[in-house]
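Have a look at the structure below before the remarks.
The values are calculated or read from the model by the stated rules, or taken from the named source; none is laboratory data. Because the structure is a prediction, the values reported are computed rather than measured. Counting neighbours? That spans all protein chains shown, and the Cβs are built from the backbone with ideal geometry, glycine included. Remember, those area values only see protein heavy atoms, side chains included, never the ligands or the DNA or RNA. Shrake-Rupley method; radii C 1.70, N 1.55, O 1.52, S 1.80 Å.
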Amino acid sequence: MDLRVTEPGQPKSSDSERHWLQRCQAGDAAAFQPLLRPHLAALLALAKRHCRDPHWAEDLVQETLVRAFRNLPSFRGESALRTWLFRILVRLASEPERWRRGKPAESLGDLDVPDHFELRAEHDAIARELQDRLDEAMERLTLRQRTALHLRAVEGFDYEAIGGVLACTAVAARMHVLEARRKVMARLKEHLEP
Amino acid sequence: MSSLRPTCNKTDAVLAHCLDGDLDSDDLLEHGYGFACGETLQAHLRECAVCRSALQRARRLDAALATAAGIDVARHPGQVGAGWAQLTDRWLAPATAASAEPVEPPLELTTAPSTLPLQHRGLLLAAAALAVVGAMFGPWALATRAAATPSSHSVATATATTTPAAEAQATSPIPSPQPLRAATSTMAVPTPSANVATFHVASRPSTAATRTKVATPSWRELGVQVASSHATPTERMAAQQTLLAGCRATAPDSPRAFRALVEALAAAGDHDLKSRHLHAAMLQPLRDGELLRQLGASLGALDAAGQRLGCNELAVVVVAARLGEASTDRALRRLARRHPDAVDAIAAALRCDVRSHGGGRLLLDLWDDVQSRRSAPGDERVAMAWFRQQPPSVFTELAAELPTCRSTERRVRCLLALGASDDAAMAAVLRTHMRSSHHAESHAAALALAHLPVRLLADIASQEELDGEYLLRAALARADVAVARPWIAALDLRAGDRHRLRHGTLADFPEVALWFRDRGLLGD
């Protein structure tokens, strides 16, 4: 009985992505939206791993997109577009002074009236508790460890791809994931028990 | 405070192997795991409870991270007070508009050392030249415009972003699209915080940034995204959150959104641990009172309809079966009394391992119900098939029910159902009940044992004393295990009896078992 998980792969470029990419690189700015839209949720998820404030996370995503658009002509397709986007985001997250300007918007706090569907508290409480602990534990990791674990667990990237994002070897990426996992598991303890 | 958790020095190597794929020997040695090949680690894992527990926790961690990221992203629109369409618009439009800001040295982003082609260098030089032109004429243009139409700062900014750029473009021999607009605008606004004005104003909902219409996906498309195994967990959870918002009673199109949600959840799979956790997480909101009522109403409508169940109806049945709520289970039982064919769909739904508990009991209840109404097939074999390929938790429940159940009929069904298991532990339970003083139970246990996989039976045959165990020998003969062939040959059965031996019902089995007690003993 082989207990290993299915080995995830490198993110692949679809035909439509290649099409939009070519149009973008040929100078068609309108192609940028359909090219990047499928990656926005993933970019936001990674940005939120690096910035707890949702407005900062948004700004990080937006700055990533600005850089991506600006550098798209030099993108050679040697890695997947998503890997490249993550690489930009991680670089920016490591150098916040390059893109953070001003203060994030203040939350409305108690006056905030949500216009979105809210899950029932009794079912959600345990998940929220786990998520809070998880966020806390992830925040204590180094940027590289946090990114590596996120890309592995959430995006299912393989180590080549993680290495591509972090600009390191696949073996080093593996060690980042392993170390990150060990630290987070040690922090979460009973929250992960059956 | 020191941890009391026992440790094992191979845990890291086991986690690396099981979660992260193969490590070659050099890697293992290099990272201090010592020498261990994959097979050794697998064997160690089977024996070491510490490593198994660590692996379980690591997998839970991965699943929790994926789920948390999905929930986090799905909640984001609520946190910042904007819908997804607005957000994508907000992020993407300024990116294309502000892309040529010559404000900072670019990050090194290419996968190889960056060497810009000549044409790009030319473009950059042209852009720089145009930016200088913009810087010279921008304030003038702004002042002229402000004098002509006294308006708000943002209007002035927006005007400045278009007019000089258009002029510059018109005079430029190089075709250079929108990026130049933002470049000149940044230069044109004579404030120290020009970049902030361009960038952050654009990133907030109150701005007059250029908007591009984004197509809103239909409920059906969102449903496809929720069920898609190609989408990331984040994307799937985000799509589900939009569907859930559409399901609110006050939403205008709530019945269609709800139907799309149900069909999506019915189509979602559990092909690995992560997707199973994700599927379970996506079912969670249906336990909310309002949605649960909608689901119950849909089930009730099926019950009343009295017609053959179609795909849409079956989707409701599948989701209700996976949910595991007491009210939906009751509704399913009512439905199965009118529609016995729904039990097949329920059994199929439960094979997706997302229901935490109660699956075994539900199937057993359904079996009781249809049997008591004689609406079930004539013998137990079809009902036993409902339990085939069910998750291990179903059989664990059945085994736990055996000692506490007071009804003989139900205990017999429990035992028969255990025959669909693939687990040596369940074989041990059946072996124990084969020695029961209650004949119906011991025969049911023997018949169930005969349905276990041959490898488990071969293990039992090699370990047990077979001489006095005629029920065991009958079970092994029915399963056609190699060790039993001489006994069957010694019985010298006619074709009809051979058929009864291999395919007979529970009612036939006591008589068949007696052949192995009275007529043929170990080939004599």
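For segment A:81-98, the criterion of being open to solvent by 10 Å² or more (accessible area, probe 1.4 Å), within 15 Å of the chain's Cα centre (by Cα), under 18 Å from B:HIS230 (Cβ atoms) and modelled with pLDDT of 85 or more is satisfied by at least one residue. Condition test on B:GLU511, is it closer than 26 Å to B:CYS414 by Cβ and at pLDDT below 85? No; evaluated as a whole, the condition is false for this residue. Report yes if some residue within segment A:46-54 is more than 11 Å from the chain's Cα centre (by Cα), within 8 Å of chain B (Cβ to nearest Cβ) and either hydroxyl-bearing (Ser, Thr, Tyr) or open to solvent by less than 30 Å² (accessible area, probe 1.4 Å) (or both); otherwise report no. Within segment A:46-54, one or more residues are more than 11 Å from the chain's Cα centre (by Cα), within 8 Å of chain B (Cβ to nearest Cβ) and either hydroxyl-bearing (Ser, Thr, Tyr) or open to solvent by less than 30 Å² (accessible area, probe 1.4 Å) (or both). Being closer than 20 Å to B:PRO510 by Cβ and not small (Gly, Ala, Ser) is a property that holds for B:GLU441. Of the listed requirements (1) over 22 Å from B:LEU323 (Cβ atoms); (2) at pLDDT below 85; (3) of a type in the set (A, V, I, L, M, F, W, C); (4) not in a loop (DSSP other than H, G, I, E, B), B:ALA399 misses just one: (2). Among the residues of segment B:266-288, is any out of contact with any Ser or Thr (no Cβ under 8 Å at 6 or more places or on another chain), more than 27 Å from A:LEU44 (Cα to Cα) and either hydroxyl-bearing (Ser, Thr, Tyr) or outside the structural domain of B:ARG338 (by TED's automatic domain parsing) (or both)? No - not one qualifying residue is present in segment B:266-288. Restricting B:ASP365, B:ASP423 to those that are open to solvent by 40 Å² or more (accessible area, probe 1.4 Å) and either modelled with pLDDT of 85 or more or in contact with a helix residue (DSSP H, G or I) (Cβ under 6 Å, 6 or more places away or on another chain) (or both) reduces the list to B:ASP423.
Exactly one residue out of B:ALA251, B:ALA239, B:ALA301 is in contact with a helix residue (DSSP H, G or I) (Cβ under 9 Å, 6 or more places away or on another chain) and modelled with pLDDT of 80 or more, and it is B:ALA239. Once segment B:42-55 is narrowed to residues that are under 28 Å from the mean Cα position of the chain (by Cα) and closer than 21 Å to A:MET185 by Cα, the residue that is most open to solvent (accessible area, probe 1.4 Å) is B:ARG52. Looking only at segment A:130-159, how many residues end up being assigned to a helix (DSSP H, G or I), surrounded by fewer than 24 Cβ atoms within 10 Å (Cβ to Cβ) and within 11 Å of chain B (Cβ to nearest Cβ)? Within segment A:130-159, residues that are assigned to a helix (DSSP H, G or I), surrounded by fewer than 24 Cβ atoms within 10 Å (Cβ to Cβ) and within 11 Å of chain B (Cβ to nearest Cβ) number 9.
Screening segment A:1-18 for residues that are exposed (fewer than 14 other Cβ atoms within 10 Å of the Cβ) and either farther than 19 Å from A:PHE86 by Cβ or touching a Cys at 6+ places or on another chain (Cβ under 7 Å) (or both) and picking the one that is modelled with the highest pLDDT gives A:SER16.
Within segment A:165-178, if we keep just the residues that are facing chain B (nearest Cβ under 7 Å) and in contact (Cβ under 8 Å) with a residue 12 or more places away in the chain, the residue that is most open to solvent (accessible area, probe 1.4 Å) turns out to be A:VAL171. Of all residues in segment A:60-77, those that are facing chain B (nearest Cβ under 7 Å) and among the aromatic types (Phe, Trp, Tyr) have Cβ atoms under 7 Å from Cβ atoms of residues that are assigned to a helix (DSSP H, G or I) and open to solvent by 10 Å² or more (accessible area, probe 1.4 Å), 6 or more apart or on another chain, in A:PHE69/B:THR96. Considering only residues in segment A:179-193 that are at pLDDT below 85 and open to solvent by less than 30 Å² (accessible area, probe 1.4 Å), the one that is nearest to the other protein chains (Cβ to nearest Cβ) turns out to be A:LEU192. None of B:HIS433, B:HIS439 is open to solvent by 20 Å² or more (accessible area, probe 1.4 Å) and touching a residue at least 60 places away in the same chain (Cβ under 8 Å) except B:HIS439. B:ALA400 - would you say it is within 21 Å of B:VAL318 (Cβ to Cβ), out of contact with any helix residue (DSSP H, G or I) (no Cβ under 6 Å at 6 or more places or on another chain) and not assigned by TED's automatic domain parsing to the domain that holds B:ALA63? When the stated conditions are applied, B:ALA400 does not pass them.
Only one residue in B:ASP253, B:ASP272 is acidic (Asp, Glu), open to solvent by 10 Å² or more (accessible area, probe 1.4 Å) and facing another protein chain (nearest Cβ under 10 Å), so which one is that? One residue alone meets the criteria, B:ASP272.
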